[in-house]
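Engineer: Quick one: this structure, given as structure tokens, is what I'll be asking you about.
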Amino acid sequence: MKGPFSVRPICKETDRTIVRELFRQEFYGPLQLLYPDEGLWEIYDSMETDDAYGAYLVFYNDRLLLLLEVHPPVQMDLAADYMSKPGTIGIYCFYANRQDPMNLPAIRTCIDALLGYRSIKRIVTRVNFVGPQDPRVALLEQAGFRRLAKSPDKSAIYYCTQDTFSLLGKNQNKHLLQNTF
């Protein structure tokens, strides 16, 4: 890798504590509840890892920024109509710190790398528990995602294509991460 960003696949043996903490933060917020291992590792054991698919830890220098899951449409927890366009993949992001200023260039760089695949035309994601001023929504929108739909349970669905991808973000971060996935 070139530049300050690095990406590596998760390792079940060494990253168990990191992944569990990222999930705990995502689903429990500030509550100091323990996220159970039950079911968590089965997700990664069954995850497709061909091409860009898989689960990756994204770092700025040595600082963990996020866990990025890249899924084929069949493995996304979304209605089929969101994933039915050819060339669609799904992602989920779990941030170590939602306020980290390096999250935006990191997510832009990852999206740029994914959209560099000839087979990937559209990226879809869902943000759960969306509230006013949610930093995850701002990150997605600044990275070129557009809101597709809102469901009644406060989750929001976003998509990104080459057309919506922020040209500024693409050009600014292209040199930071090449051949990431």
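The values are calculated or read from the model by the stated rules, or taken from the named source; none is laboratory data. Remember, predicted model here, so these are calculated numbers, not experimental data. When we count neighbours, we look across all protein chains shown, and the Cβ atoms used for this are built from the backbone with ideal geometry, even at glycine. What goes into the accessible areas is simple: the full protein's heavy atoms, side chains included, and nothing from ligands, DNA or RNA. Shrake-Rupley method; radii C 1.70, N 1.55, O 1.52, S 1.80 Å.
Engineer: Determine the principal axes of the Cα atoms in the range 1-106, then give the extent along each, sorted from largest to smallest and rounded to whole angstroms.
Structural biologist: Ordered largest first, the range 1-106 gives principal extents of 36, 36, 27 Å.
Engineer: Once you place label points 7 Å from the Cα toward the Cβ at residue 14 and residue 80, how far apart are they in nm?
Structural biologist: According to this spin-label approximation, the distance is 4.1 nm.
Engineer: When the solvent-accessible surface of protein heavy atoms is calculated with a 1.4 angstrom probe, in what order do 98, 20 fall, highest first?
Structural biologist: From most accessible down to least: 98, 20.
Engineer: Got a number for carbon plus sulfur as a percent of the range 41-164's accessible area, 1.4 Å probe?
Structural biologist: The C+S portion of the solvent-accessible surface of the range 41-164 is 50 percent.
Engineer: Using protein chains only and a probe of 1.4 angstrom, how many square angstrom of residue 17 are accessible, to the nearest 10?
Structural biologist: Accessible area, nearest 10 Å²: 100 Å².
Engineer: Here's a follow-up. With every protein chain in place, what's the accessible area of residue 129 (1.4 Å probe, Å², nearest 10)?
Structural biologist: Surface accessible to solvent at residue 129 totals approximately 120 Å².
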